[in-house]
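Input: a single structure, listed below in structure tokens.
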Amino acid sequence: MPKAQRKPEEIEAIREAILDHAIDLIAEAGYKGFSMRKLGTRLGIAAKTIYNYFHSKDEIYLSILTRGFEALHAQCAATAAAHRDPMDKIEAPCAAVSWISAWPTPISIT
């Protein structure tokens, strides 16, 4: 009997879990030290299973970057929306993301 297909919500939850673990691995070892095999080991699955959710290591990395930029955009937009004065709308998002320069764990892409 064939295996039941996962619901879209389940697929998205698995993709998010993969990305969470990939972020940790890249933070620890850099992009060059990141591999699908290491990611599979961390997730407790075969590396080839990851390919059911992402086509490649590069797609995972792009998804991580996209997730980060979407979060940054949402934070900046929400901060700017809280102000009426045009100058405050410009300055507030910059102040809101000032924590980036103090980020404790820089991620190496080399």
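The values are calculated or read from the model by the stated rules, or taken from the named source; none is laboratory data. Predicted model only: the values in this text are computed from it and were never measured. Every residue, glycine among them, receives a Cβ derived from its backbone with ideal geometry; neighbour counts consider all protein chains shown.
The table below lists the values:
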| read-out | value |
| --- | --- |
| Residue 17, sole failed condition from (1) among the hydrophobic types (A, V, I, L, M, F, W, C); (2) loosely packed, with under 14 Cβ neighbours inside 10 Å; (3) out of contact with any helix residue (DSSP H, G or I) (no Cβ under 8 Å at 6 or more places or on another chain) | (3) |
| Matching helices (runs of 4 or more DSSP H) fully within the chain where at least 1 residues are under 20 Å from the mean Cα position of the chain (by Cα), at pLDDT 90 or above and among the small types (Gly, Ala, Ser) | 8-29, 36-43, 47-50, 57-81 |
| Check on residue 57, under 22 Å from residue 11 (Cα atoms), without any contact (Cβ under 8 Å) to a residue 40 or more places away in the chain and not hydroxyl-bearing (Ser, Thr, Tyr) | yes |
| Failed item in (1) in contact (Cβ under 8 Å) with a residue 24 or more places away in the chain; (2) loosely packed, with under 15 Cβ neighbours inside 10 Å; (3) of a type in the set (Val, Ile, Thr), with residue 64 passing the rest | (2) |
| Test result for residue 57, exposed (fewer than 14 other Cβ atoms within 10 Å of the Cβ), within 14 Å of residue 18 (Cβ to Cβ) and not hydroxyl-bearing (Ser, Thr, Tyr) | no |
